[in-house]
1. Just to be sure I understand the model, the point goes 7 Å from the Cα along the line to the Cβ. What's the resulting Ile49 to Ser220 distance in nm?
2. Computed FRET efficiency, Cβ-Cβ of Ser3 and Ser192, R0 35 Å: what is it to the nearest 0.05?
3. Distance in nm between label sites at Trp151 and Phe135, each 7 Å beyond Cα in the beta-carbon direction?
4. May I ask you to compute the full-extension gain from Leu65 to Ser144, defined as 0.36 nm times their residue separation minus their alpha-carbon distance, rounded to one decimal in nm?
5. Assuming a viscosity of 0.890 mPa s and a temperature of 25 °C, what translational diffusion coefficient in µm² per second does Stokes-Einstein assign to the stretch 1-97, Rh being the Kirkwood radius over Cα pairs?
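The numbers here are math on the coordinates, done by the rules we state, and not lab data. Since this is a predicted model, take the numbers as computed values, not measurements. Please note: Cβ atoms are built from the backbone with ideal geometry, for glycine as well, and neighbour counts cover all protein chains shown.
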Amino acid sequence: MGSLVQGFTKSLAMTFVSEIGDKTFFAAAILAMRYPRRLVLAGCLSALIVMTFLSATIGWAAPNLISRKWTHHITTLLFFVFGLLSLWDGFKEGGGSEELAEVEAELDSDLKSNDRTKKDSSKKKQNRPFLTAFFSPIFLKAFSINFFGEWGDKSQLATIGLAADENPLGVVLGGIMAQTLCTTAAVIGGKSLASQISERIVALSGGMLFIIFGIQSFLSPVDA
């Protein structure tokens, strides 16, 4: 198992390049234009931090279920697969903001659906969902969009692999730091910042980083 600093550095770099230009990044930027920023930031960050802890816990537990040798090999393979997929996406990407437009369309559709639901249930205010008694609906909306948006995402799987091979605490701290930087930038910068991001550059940079991590993992010895 690597050192805390190594786990922190790898997780910080990997999460940062995975989240910049990701669907959850665009969702945070768009939500921040429509709702109070502090609630959007709190909801998005809470979801991403919970997901980081959950992913790192799964990765930490993996070597207890499978031999460390196999978890190391699986992690190495994941790095190469994610790297090649990211490079492929980068080479075929047109450099525009198609994903931004896609996320915005999904949020618009969701907003219209919610508006209809509110009208239908306006006479049943006493039967509001339990969580809305404790949390703002905006907070819950931002939380759910980001949490389920990250579930099964490349960054989540990579975090699981990193935590299985590196210091889990370092992976958690690095992941939270990167998520905080990316989400804060998205909320403050809004759609204007999101539209400036080149999806091609982000994909190519992420792909190269995953390949580098894969080579480093392949060449590093496996702990007994």
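1. Placing both labels 7 Å along Cα→Cβ, they lie 2.7 nm apart.
2. About 0.35, to the nearest 0.05.
3. Rounded to a tenth, the inter-label distance reads 1.3 nm.
4. That works out to 25.4 nm of additional length.
5. Calculated translational D: 153 µm²/s.
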